[in-house]
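One structure below.
None of the figures in this text is laboratory data; all of them are computed from the coordinates on show. The structure presented is a predicted model; accordingly, all values stated were derived computationally and were not measured. Using ideal geometry, Cβ is built from the backbone for each residue, glycine included, and neighbour counts are taken over all protein chains shown.
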Amino acid sequence: MPRTESAAAETGRPIGARLWMLCGLLMLASAINYLDRQTLAGASVRITREFHLNQAGYGAIEAVFGYAFAAGSLVFGWMADRFAVRRLYAVVLLLWSLAGIATGWVHSPGQLLFCRALLGFFEAGHWPCAIRATRSLLDPARRSLGNGLLQSGASLGAILAPLVLRGLMQAGDGGWRTPFWVVGCIGLLWIPAWLFAVRDADLLTERRQESVRTRSATESSEPTLWQVLCSREMRIVFGLIACINTTWQVSRAWLMKFLQEGRGYSEPDALWLNSAWFMAADVGCVAAGALAMRLAVRGMPVQRARLTVFAGCAALCSLSTALPWLGRGPALLVVLGCGAAGALGVFPLYHALTQDLPERYQGRITGIAGVAGWLIPAQAQHLFGVLADRTGSFDAGLVVAGFLPALALILLAAWPQPGRARA
């Protein structure tokens, strides 16, 4: 048995095909999460026309989602540390699926805002549950790749969303409603698969390891939650997630409007291009996680490996500076695709950083960081809409968003050097 599998067996972690099957379920949950989320973005032009919303009005809808996500991050971050993740995850996915289904019955902007808030609140539970599960299932050497697969599910769901919309949206007013019902029902099918495949013991690995240590050693060496939150590492985490999530959320929410209203693509063409954009994001996400792992395994210090890959992703995002000079055509699509790969590629590295922090607080760390990671993007969504109304263009907002990962790179450079990090 290989050394990594032998170590996994000794700590009680699943190994072999079953391990990666469980990781596949986590990736699928991310896909469902984004499939629900992107249904609105894919139908945004139709919905804003039906409800007579300007760009600022649409930005407000995305902002409400972000504010609710921030609140949900706190609630479910605490719950992920307090309750069994296996059951909590199933409940969270049930509730956000029902919120998505309800969106198909809204008949006013106020109802749409309410359903979008519910979706954001319950979808926030996905990440504390998923990050804790990934940490428990995978040893430190494999976490970058595991996080990459988990995060890649987000773009997988977003790839599928335009295809689902193309197949299910009907002509005329209200033709956008059916996808919300179908996508919500897809989420309900994941729940029995998760409960059947996962055992409570699969997600208790870190706690089993802690039980081997003496209580006195644990109490003397492990910081309190308040000490963790006030640490330099957490300040860096807050800044990182605020920057990279603003880039990602602004880009994915406004892409359809940029393509249709900003560059004149037809709805069918824009849907295809939307899928292609998320395919590029998926490739970037998995490649970034795999490359960081490979560099570390081949001897590069863990922090330097992360910094190197992060820098490459930030450089791809900064290509957005060319957007104001690009019309329809291959050059525009190349720049958009590179930006997508970079924007999602930074997330496996970010998740690995949070997994360097004490395991007993993993859910709360993820949830509290989620507040910083969503309050700022939520406000940015509204400001983006206001800017688009005033300038008559989406270009300036996308350029600004593209430079935020470079700012995050400066913060990442201040992360403590190996010796204090686990991997």
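Some notes on this structure:
- When each of the peptides 150-156, 238-244, 88-94 is scored by the mean number of other C-beta atoms lying within 10 Å of its residues, the order from highest to lowest reads 150-156, 238-244, 88-94.
- Protection proxy ranking, peptides 99-112, 252-265, average beta carbon neighbours within 10 Å, highest first: 252-265, 99-112
- The gain in end-to-end length when the Arg360 to Arg232 segment is fully stretched comes to 44.2 nm, 0.36 nm per residue minus the alpha carbon separation.
- Between Asp200 and Ala276, the FRET efficiency estimated from the beta carbon spacing at R0 = 41 angstrom works out to 0.55.
- Rel. contact order, % - alpha carbon contacts under 8 angstrom, at least six apart, the chain: 29
- Given (i) 24.5, 83; (ii) 20.8, 68; (iii) 25.5, 87, the label whose value is Rg and Dmax of the Cα atoms in Å derived from this model: (ii)
- Backbone N under 14 Å from the Gln379 label point (7 Å along Cα→Cβ), restricted to the range 225-246: 239, 242-243, 246
- Rounded to the nearest 500, the 222 nm mean residue ellipticity of the chain from helices alone is -26500 deg cm²/dmol, with -39,500 (n - 2.57) taken per DSSP H run of at least 4 residues.
- The angle between the Cα long axis of helix 16-42 and the longest principal axis of the Cα atoms of the chain comes to about 30 degrees, rounded to the nearest 10.
- Paramagnetic reach from Val399 in the range 276-319 [backbone N under 15 Å; point 7 Å along Cα→Cβ]: 318-319
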